[in-house]
1. How far is it, in nm, from the label point at THR40 to the one at ASP114 when both lie 7 Å from their Cα along the line to the Cβ?
2. Determine, from the Cβ-Cβ distance of LYS62 and GLU155 and an R0 of 35 Å, the FRET efficiency 1/(1 + (r/R0)^6), rounded to the nearest 0.05.
3. Over segment 142-243, calculate the relative contact order: mean separation of alpha carbon pairs under 8 Å at least 6 apart, over the residue count, as a percent.
4. Remind me, relative contact order of the chain in percent, using alpha carbon pairs under 8 angstrom and six or more residues apart?
5. Evaluate the charge dipole of segment 39-127 about its Cα centre and quote only its size in Debye, nearest 20, assuming +1 on the Cβ of each Lys and Arg and -1 on the Cβ of each Asp and Glu.
6. Taking 0.36 nm per residue of separation and subtracting the Cα-Cα distance, what length does fully extending GLU182 through ILE207 add?
7. Sort all Cα-Cα distances of segment 76-214 into consecutive 5 angstrom bins from zero, then give the percent of pairs in each bin up to the one containing the longest distance.
8. Scan around ASN53 for amide H atoms under 5 Å from its own, H built in the peptide plane at 1.01 Å from N, and keep only partners 5 or more places away or cross-chain.
Amino acid sequence: MNKFEQKKMKNLILNIFIILHFPLLAQAKIQISHKFLEKTEWSDKGKLYSYGNYLVFLKNEKFTEEFAGEGGCKFYGSYKIENSLLKLTLEPKQSCNSTIFPEKERICSIQDSDKDPFYRITLNCNEHHYYNQNFLIPPGELIEIDGIKSVLIKEKIVISESNLKIREKPDINSKNFQCTIEGNNLNYMPKGSQFRIFARTEEKVEINNKISYWYFAEPIIDWYSNCYDSDTPINRVWIFGAYVK
C-alpha cells in the first residue's frame, strides 16, 4: 500500500469513527440552560414504566410537576441554574392536597442514561431520573434490556390473536406473569389484548412450528387491571410475535 492509499485509509477510518461516535460527542457538549429547558417536558416513567410524573419547564424560571394517572395533581415551583447545575424548589403553598409530594429542593444534572436503555441521557435530580423524547435512541440501534441484546423498533400497538402468556425473558421456559383482568385472575392475557411493542430480539426463533421474534412490550390495560410477579406490579414483558398481529 503506497502513501496515498495509506492516507486515504486513515481518513476513511477517521470518518467511520466520527460517524459512530458523533451522538456521544454531541451528548458530552449538552449544557443545562434556559433555552435548553424552556417548554420541554420530562418524565420519570421513561420506556420502562406505564405511569409516572411529568416535569415541565416554563418561562420565567418556573416549572410544574404532575402525576400522569388517576388521582394525580399538579405541583408548582421555580428553578435556578448555577454552575451548569439545575436547582428545583417547590413553592411553599400548593393547591394539591396529595400526601405524596416531590422533594422540596432538588439538584439536577445531565448524565448518561444508565437506568433506562432507550435514552441517551437523563436529567438526574437527587438520584431521581427524568427522560425527554428528544434523547431517545432511534429505531434500528442495538441496546441491552436487563442484559438481553435487543433491537429498537418503531413503537406500535399489536393485538393478540389467542390467549397469550407474558414472560420475564424472551424464552418459552422463562417465568410467566399473572394478570388480573376485569376481576379475573389469569396466567395469560386474553385473546384480543393490546400491547405496545418497543424492541425485539436480534434473531427469530421457532416455537410450536411458528417462527418470529420475541418483542419487549407493554400490556395495555385499564387502571383497575394489573399484571404482577407475586405482589410486584409488572409494566413490561416479553411476548412471542407469532401470536400477535
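1. Modelled inter-label distance: 2.1 nm.
2. On the way: r = 31 Å, r/R0 = 0.89.
Efficiency, from the Cβ-Cβ distance: 0.65.
3. 29
4. 13
5. Here segment 39-127 has a charge dipole of around 260 debye.
6. On the way: separation 25, 0.36 × 25 = 9.00 nm, distance 2.97 nm.
Length gained, GLU182 through ILE207: 6.0 nm.
7. 2, 8, 12, 15, 13, 12, 13, 11, 8, 5, 2, 1, 0
8. Amide H neighbours of ASN53, under 5 Å, 5+ apart: ASP44, LYS45, ALA68.
Values quoted throughout were computed directly from the atomic coordinates according to the rules given, and no laboratory measurement underlies them. Note that the structure is a prediction, hence the values are computed from the model and not measured. A quick note on method: Cβ atoms are made from the backbone with ideal geometry, for glycine too, and the neighbour counts reach across all protein chains shown.
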